[in-house]
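Just below is one structure, and these are the notes that go with it.
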Amino acid sequence: RTGQTDPSTPTNEQEFDRSRAVIPGGVNSPVRAYGSVGGTPRFLASASGPYVTDVAGRTYVDLVCSWGPALLGHAHPEVVAAVQEAAARGLSFGAPTHGETELAETVVARLDVSGRRALERLRLVSTGTEATMTAIRLARGATDRPLVVKFAGHYHGHSDGLLAEAGSGVATQGLPGSAGIPAEIAAQTLVLPYNDLDALDVAFAAHPGRIAAVITEGAGANAGVLLPQTGFNAALAARTRAAGALLILDEVLTGFRVDPAGWWGLEQRDGADWTPDLVTFGKVVGGGMPLAAVGGRRDVLELLAPLGPVYQAGTLSGNPLAVAAGLATLRLADADVYARVDAAAGAIADGLEDVFVALGHAVTVSRAGSLFSLAFRDGEVRDYDDARDQEGWRYRAFFASMLEQGISLPPSVYEAWFLSAAHDDAVVDRVLQALPAAARAAVEA
Ligand code: PMP
């Protein structure tokens, strides 16, 4: 089936023209636009396992995986069945349900590694943005301090205080932040270079008793992959504690994706010994449905209404369909799933490196567990400045060649590539076979 031969089949171009006439930019989240890579976004009709299929009937190997949630691959039959069963029982109640408790118990139990527990309480929300926004409010409520430290190139959703020098779509569009945020609000956020403890010490010294929290991604994965240097997260935990501030570990992207217990779990298994005060989750925890969570210390979480003075609420929080998808996904995401995702990621990341070596063109492939990204730059990518110091325009030709060969990559050089347990050897081989032509196109661009 191709769009060219059947006149009743819409093309992506027709869909895009129609959507742009009613939806700003034709997309409901800017990262979906092909702004930096050019061309027409593929309008997807369906997805299954490692594949997505567009309205024109073309199927692609998908290395976006819904920007993270699809750890098991798309439309896993057991997850779909769980959602269907939940739907038949009612779409939304606005009252507590058994499933919410079960999901919270599951998440809390997972973040128990080598005798260390990162969570005592957990509240379910609907998006990662809500989770980090609530974490910040909690930290301010707990400390009675105004300021928040974030790292340049990290993305924590689109709440007012967290868009300064943000990664993801903000980085792709080359924006310093967002319009529409009063200077008074922006001034409450201190943006520091990632992996720079000296800068953190300077900030704490310059604002004694004023910093409520440091928020950091488990591993940076929104300006390409920014690996935390060994001991960096542990040092953040120690320094925030010493300063009377809270450490918010944003695992919306890394949580349940790089390890059964997220980036934190991966570090603990490697012998680290630190705990965050608050942790945020999203993406995989909702199994592809709108669900996210904020958890952490009991004394802090119990500041939330109805127990305490920090207000947070949601009509659709803990939605039964989303809870069913999250529970089914976490139940299926066993050690074998993580081993398969790791193996597929390793094979593609290595292949990516090899193909540019063969061409004699220096690039950097950064890896944080099963997350990896490509930078057109000779040398390590430690922070946002490094990430921006690359020949990113070469990605346009690379992306176009891969798409032409039936491989759908994230449409920005500032995004990580996402794999799933459904990306088996045959699928990985298809990706590897497409890499040489794409790399040549990038080098010749
Ligand atoms: N934090 C991180 C680390 C993220 O990667 C994202 C989304 N990519 C968010 C927060 C925001 O999540 P959401 O898009 O669900 O609001």
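The values are calculated or read from the model by the stated rules, or taken from the named source; none is laboratory data. Quick caveat, the model's predicted, so the values are computed rather than measured. Please note: Cβ atoms are built from the backbone with ideal geometry, for glycine as well, and neighbour counts cover all protein chains shown.
Assorted remarks:
- Candidate set from the stretch 41-78 (those that are of a type in the set (V, I, T) and closer than 23 Å to A345 by Cα); member that is surrounded by the most Cβ atoms within 10 Å (Cβ to Cβ): V52
- When L200 is tested against (1) within 13 Å of the ligand (Cβ to nearest atom); (2) over 30 Å from G38 (Cα atoms), just one condition goes unmet, and that condition is (1).
- Against the numbered list (1) part of a loop (DSSP other than H, G, I, E, B); (2) closer than 20 Å to V125 by Cα; (3) out of contact with any Pro (no Cβ under 8 Å at 6 or more places or on another chain); (4) touching a residue at least 40 places away in the same chain (Cβ under 8 Å), H361 comes up short only at (2).
- Output for the stretch 182-230, where each listed residue is under 23 Å from P410 (Cβ atoms) and of a type in the set (S, T, Y): Y194, T216
- Among strands (runs of 3 or more DSSP E) entirely within the stretch 1-100, having at least 2 residues that are within 30 Å of R430 (Cα to Cα) and among the polar types (S, T, N, Q) singles out 44-48.
Yes/no matrix, rows are residues, columns are (1) away from the ligand (no atom under 16 Å from the Cβ); (2) under 21 Å from T315 (Cα atoms); (3) assigned to a helix (DSSP H, G or I):
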{"site": "T129", "(1), (2), (3)": "no, yes, yes"}
{"site": "A142", "(1), (2), (3)": "yes, no, yes"}
{"site": "V148", "(1), (2), (3)": "no, no, no"}
{"site": "V170", "(1), (2), (3)": "no, no, yes"}
{"site": "E184", "(1), (2), (3)": "yes, no, yes"}
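- Pair list, Cβ under 7 Å, 6 or more apart: the stretch 214-227 residue at pLDDT below 95, other residue in a strand (DSSP E or B) and within 10 Å of the ligand (Cβ to nearest atom): none
- So S420, is it crowded, with 20+ Cβ neighbours inside 10 Å, outside any helix (DSSP H, G or I) and out of contact with any Phe, Trp or Tyr (no Cβ under 9 Å at 6 or more places or on another chain): yes
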